[in-house]
1. Considering only segment 152-172, I want to know if a residue exists there that is of a type in the set (Gly, Ala, Ser) and surrounded by fewer than 17 Cβ atoms within 10 Å (Cβ to Cβ).
2. For segment 174-183, state whether one or more residues are assigned to a loop (DSSP other than H, G, I, E, B) and touching a Lys or Arg at 6+ places or on another chain (Cβ under 7 Å).
3. Which residue is nearest to ARG360 (Cα to Cα), if the candidates are limited to segment 376-407 and must be of a type in the set (Ser, Thr, Tyr) and part of a helix (DSSP H, G or I)?
4. Quick check on THR55: is it modelled with pLDDT of 90 or more, touching a strand residue (DSSP E or B) at 6+ places or on another chain (Cβ under 7 Å) and closer than 30 Å to ARG161 by Cβ?
5. How many residues, within segment 125-144, are crowded, with 17+ Cβ neighbours inside 10 Å and under 21 Å from GLY170 (Cα atoms)?
6. What is the one condition in (1) farther than 14 Å from LEU220 by Cα; (2) among the hydrophobic types (A, V, I, L, M, F, W, C); (3) buried (at least 16 other Cβ atoms within 10 Å of the Cβ) that LEU274 does not satisfy?
7. Filter segment 294-353 down to the residues that are assigned by TED's automatic domain parsing to the domain that holds ASP233, among the small types (Gly, Ala, Ser) and surrounded by 14 or more Cβ atoms within 10 Å (Cβ to Cβ) and list them by number.
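The values are calculated or read from the model by the stated rules, or taken from the named source; none is laboratory data. Given the structure is predicted, the values throughout are model-derived calculations rather than measurements. Note that each Cβ is placed from the backbone with ideal geometry, even for glycine, and that neighbours are counted across all protein chains shown.
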Amino acid sequence: MNATDPALQDEAPLGLYTRGDGRAREWWRVSSSERAHMYRIEHGQGESGEVDVDTEIDLDNLEAKLLKWRREGFVSEAQRADEARASLAGSTFSAALRRAVEAAREANSAQVRPHASTPTVRIGSVDLPRGEPNALVPRVNAAYLFTERGDDIVQDIVENRRVMLIGHTGSGKTSFIEQVAARADYGVLRANMNGQTTIGDFVGFWTVKGGETIWVDGVLPVAMREGYWLIIDELDFAEPSILAVLTAVLEPNGRLLLKERGNEIVEPHPSFRLFATANAAGAMSAYRHLYQGANLLNEAFLDRWRVYLFDYLSLEEETEVLLRTLPVLTRPLAHTLAAIAADCRAAFAREDLASAFSTRRLIDWAELMLRTGDVERAAGPAIYAKVSADDAALIRSVIRHHVIFDA
Ligand SMILES: Nc1ncnc2c1ncn2[C@@H]1O[C@H](COP(=O)(O)OP(=O)(O)OP(=O)(O)O)[C@@H](O)[C@H]1O
Ligand SMILES: [Mg+2]
């Protein structure tokens with residue numbers, strides 16, 4: 001075998017490696033040698049084309065050189081050409097995409113934009129048609145902060161898409177949907193799949209009342225007929241029979257077939273919307289050990305939803321939420337508490353902590369702190385008693401890092 005062996009040539013990155021421009025340009029050229037297993041390397045500088053190093057080395061040495069050159073900022077001509085091609089393809093793609101987006105907007109706006117006479121309410125930067133006030137409209141939480149992450153979801157609601165929010169406990173999934181509904185006047189029904197909801201509760205059942213057998217609609221047909229928004233909480237705990245019923249309804253304008261009622265077809269009211277929340281589905285599956293009993297939702301099922309990952313709020317956003325929820329807090333106080341939560345979440349992400357630190361927990365702790373005036377005492381029922389002794393010790397040390405306790 002010698003250096004002209006094609007297999008070896010494939011391995012050895014022959015060619016020109018350059019850095020800098022004009023007079024500052026410097027280059028190394030690698031070519032195959034007449035001698036077996038050897039490579040010729042040449043070096044030059046500036047624009048003269050003069051070669052000041054010309055030597056032969058073996059493959060091991062060449063690899064070491066290539067590494068060193070890369071560290072020094074040399075790039076192979078082949079790689080430069082690849083990058084130029086990719087960037088050209090990228091810019092052509094982006095330009096084509098921009099044109100397609102404009103065309104889609106124009107085509108959609110006629111369809112999706114609410115009729116000029118329809119009253120709308122603006123949430124974030126999206127106009128949502130208003131519903132009808134009714135007893136099931138949730139109460140507005142004036143402290144609720146709509147962040148940018150909500151815009152796409154509100155647009156999905158306008159377009160009647162099925163939306164699934166996934167994320168850790170207390171990251172704001174359920175409250176987001178409720179607060180959109182509260183502001184736009186839609187009634188909300190909730191069904192929790194973690195152990196309590198049977199297929200009968202969900203779809204409906206026959207029962208005997210006053211000697212008569214009557215049908216009682218479950219939560220799904222009620223929401224579909226009346227035009228409520230249905231939030232299916234903890235969908236990753238649902239029994240297979242419920243998932244099977246849901247699949248049919250997941251298509252936009254999907255109808256429900258009530259087999260138990262002689263195949264009655266339930267048509268969705270135009271205001272009906274379907275939402276799901278889950279802690280450990282899809283991209284959150286890595287955390288299934290924290291949510292014991294959660295089922296893996298298969299991809300075909302997930303593909304019928306728009307799935308949004310709800311992370312905890314940022315430090316600034318959470319400070320804002322604390323201030324809005326508990327206006328007696330000062331900004332520095334709120335900021336310190338939010339920073340403690342952020343540090344605990346970072347420890348959780350590093351797997352130093354086994355429990356996540358929810359916004360719900362943070363608000364609860366702050367409320368209790370305002371009642372007791374004592375950071376540690378408030379942390380007892382709001383935090384420490386809910387986690388393992390190890391976690392409690394670590395959280396206590398995070399708190400101590402931010403707050404100097406009175407002696
Ligand atoms: N953007 C926000 N603005 C104001 N408060 C928020 C916000 N996000 C979350 N919260 C607070 O956090 C609490 C918990 O949120 P929520 O119940 O929506 O969480 P979740 O993600 O549905 O949790 P779980 O998975 O446990 O059901 C809310 O009641 C609210 O007080
Ligand atoms: Mg929830």
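1. no
2. Scanning segment 174-183 turns up no residue that is assigned to a loop (DSSP other than H, G, I, E, B) and touching a Lys or Arg at 6+ places or on another chain (Cβ under 7 Å).
3. It comes out as TYR384.
4. Spelling it out, it is not the case that THR55 is modelled with pLDDT of 90 or more, touching a strand residue (DSSP E or B) at 6+ places or on another chain (Cβ under 7 Å) and closer than 30 Å to ARG161 by Cβ.
5. Summing the residues that are crowded, with 17+ Cβ neighbours inside 10 Å and under 21 Å from GLY170 (Cα atoms) in segment 125-144 gives 2.
6. Result: LEU274 passes all but (1).
7. ALA294
Yes or no, residue by residue, for (1) over 22 Å from ILE363 (Cα atoms); (2) not basic (Lys, Arg):
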| site | (1), (2) |
| --- | --- |
| HIS289 | yes, yes |
| ASN295 | yes, yes |
| ASP303 | yes, yes |
| ARG306 | yes, no |
| PHE310 | no, yes |
| GLU318 | no, yes |
| VAL328 | no, yes |
